[in-house]
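Here's the structure, in structure tokens; my notes come after.
The values are calculated or read from the model by the stated rules, or taken from the named source; none is laboratory data. This structure is a prediction, so every number in the text was calculated from the model and none was measured. Don't worry about glycine lacking a Cβ; one is built from the backbone with ideal geometry, like all the others, and counts go over all protein chains shown.
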Amino acid sequence: MRELLVRTISGLIYTTLILFAMYADAQYYLLLTACFGLLTLFEFQRLVQIKSLLPYAIFILLFLGIHQDIFPQWMDLVIGVLGVLMNTYLILNLLQFMSHQRLERKYILMVFYIMIGVITMGLIPQISGDYDMNLIAGVFILIWVNDSMAYLVGVNFGRHKLLEHISPKKTIEGTLGGVVGALIAAGIMAQYFDKQSLQLWLVLALLISIFGTLGDLVQSKFKRKAQVKDSGALLPGHGGIYDRLDSIIFVSPFVYCLLQITAYVS
């Protein structure tokens, strides 16, 4: 009971902090995103046994360059495309997981998946030129709904494992439940967040459900290789920041590129 209470309070503080930053001001949201990025980099480097200050310097340079318009605007799209390519590589490598393999130094390349995910997470609400807090809030809500429904359906009806050697608790039934839940949430949000069409919200729900789940599996692979349960202990009952942001970090480049294509077509 005490553990559930701690987990609930910790989750509420985390959620309130994110929503407050989103709706208070664009600069607050970017500052919080940058802080989350640095904390996630720290946890990820510890997870994959890398000790280097270089990733932090590169992240700060890229983050400021993109969000303070130091770099040309076309760099935003380049960053998004690189993120999609990097994450596609990680997805393909999910099937090559062997639990007895140790983490290798080559994983320093994969630090870029954290950097790009966080940077595009900051770019999503600025896709139209103005800061659209409802858009980024909607993305987070779809991820939370997908995760919650996948858990509830999986616990009660899950029979067939998704990728048992990476995440023993994930089931096909739970994954499908998450997709359905996200689609329903998208339909509801389209009535209130009407800057985006119903069709776009439904596509986003499908994209976020699929790639959010894959992002969670990618992180599970890193944790199983490192033989740890959580990436950190900053959020009592939830683990580390990386544990909470694994899905949004992974899905952000895909969402950003989709929104760019949608904006270009329209």
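For the criterion of being under 28 Å from Leu259 (Cβ atoms), small (Gly, Ala, Ser), surrounded by fewer than 22 Cβ atoms within 10 Å (Cβ to Cβ) and in contact (Cβ under 8 Å) with a residue 24 or more places away in the chain, Ser220 passes. Quick one: would you say Ile108 is at negative phi, among the hydrophobic types (A, V, I, L, M, F, W, C) and modelled with pLDDT of 85 or more? It is false that Ile108 is at negative phi, among the hydrophobic types (A, V, I, L, M, F, W, C) and modelled with pLDDT of 85 or more.
Within the stretch 122-138, does at least one residue satisfy the condition of being in a loop (DSSP other than H, G, I, E, B) and within 28 Å of Leu92 (Cα to Cα)? Scanning the stretch 122-138 turns up no residue that is in a loop (DSSP other than H, G, I, E, B) and within 28 Å of Leu92 (Cα to Cα).
Filter the stretch 223-257 down to the residues that are touching a helix residue (DSSP H, G or I) at 6+ places or on another chain (Cβ under 8 Å), surrounded by fewer than 19 Cβ atoms within 10 Å (Cβ to Cβ) and not basic (Lys, Arg) and list them by number. The answer is Ala226, Val228, Asp230, Leu234, Leu235, Pro236, Gly237, His238, Cys257.
Among the residues of the stretch 128-169, the ones that are of a type in the set (A, V, I, L, M, F, W, C) and closer than 16 Å to Met22 by Cα come to 10 in all.
One line per residue, one yes/no per condition, for (1) under 20 Å from Ile248 (Cα atoms); (2) modelled with pLDDT of 90 or more:
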residue	(1), (2)
Leu4	no, no
Leu12	yes, no
Gly37	yes, yes
Ile58	no, yes
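Within the stretch 171-185, identify whether any single residue is at pLDDT 95 or above, farther than 20 Å from Ser128 by Cβ and loosely packed, with under 15 Cβ neighbours inside 10 Å, and answer yes or no. Checking the stretch 171-185: at least one residue is at pLDDT 95 or above, farther than 20 Å from Ser128 by Cβ and loosely packed, with under 15 Cβ neighbours inside 10 Å.
For Phe97, the requirement of being of a type outside the set (Val, Ile, Thr) and at pLDDT below 85 is met. Within the stretch 210-258, the set of residues being assigned to a helix (DSSP H, G or I), of a type in the set (Gly, Ala, Ser) and over 12 Å from the mean Cα position of the chain (by Cα) comprises Ser220, Ala226.
Looking only at residues in the stretch 126-150 that are charged (D, E, K, R) and in contact (Cβ under 8 Å) with a residue 24 or more places away in the chain, the one that is farthest from Gly11 (Cα to Cα) is Asp132. Within the stretch 43-57, which residues are surrounded by fewer than 19 Cβ atoms within 10 Å (Cβ to Cβ) and in a helix (DSSP H, G or I)? Arg46, Leu54, Tyr56, Ala57 - these are the residues of the stretch 43-57 that are surrounded by fewer than 19 Cβ atoms within 10 Å (Cβ to Cβ) and in a helix (DSSP H, G or I).
Only one of Ile188, Ile261 is under 30 Å from Ile9 (Cα atoms) and surrounded by fewer than 24 Cβ atoms within 10 Å (Cβ to Cβ); which?
Values: Ile261 fails: under 30 Å from Ile9 (Cα atoms).
Just a single option satisfies the conditions, and that option is Ile188.
When the stretch 21-37 is filtered for residues that are crowded, with 18+ Cβ neighbours inside 10 Å and under 25 Å from Ala226 (Cα atoms), the ones remaining, listed by number, are Phe36, Gly37. Listed by first and then second residue, the pairs with beta-carbon distance under 9 Å, at least 6 apart or on different chains, first residue in the stretch 6-20 and surrounded by 12 or more Cβ atoms within 10 Å (Cβ to Cβ), second at pLDDT 85 or above and small (Gly, Ala, Ser), are Ile18/Ala137; Leu19/Ala137. With respect to (1) closer than 26 Å to Thr213 by Cβ; (2) aliphatic (A, V, I, L, M); (3) surrounded by 14 or more Cβ atoms within 10 Å (Cβ to Cβ), the lone exception for Leu62 is condition (1).
Restricting the first member to the stretch 151-174 and to residues that are more than 13 Å from Val218 (Cα to Cα), and the second to residues that are among the aromatic types (Phe, Trp, Tyr), the beta-carbon pairs closer than 6 Å and six or more apart or on different chains are Glu173/Phe157.
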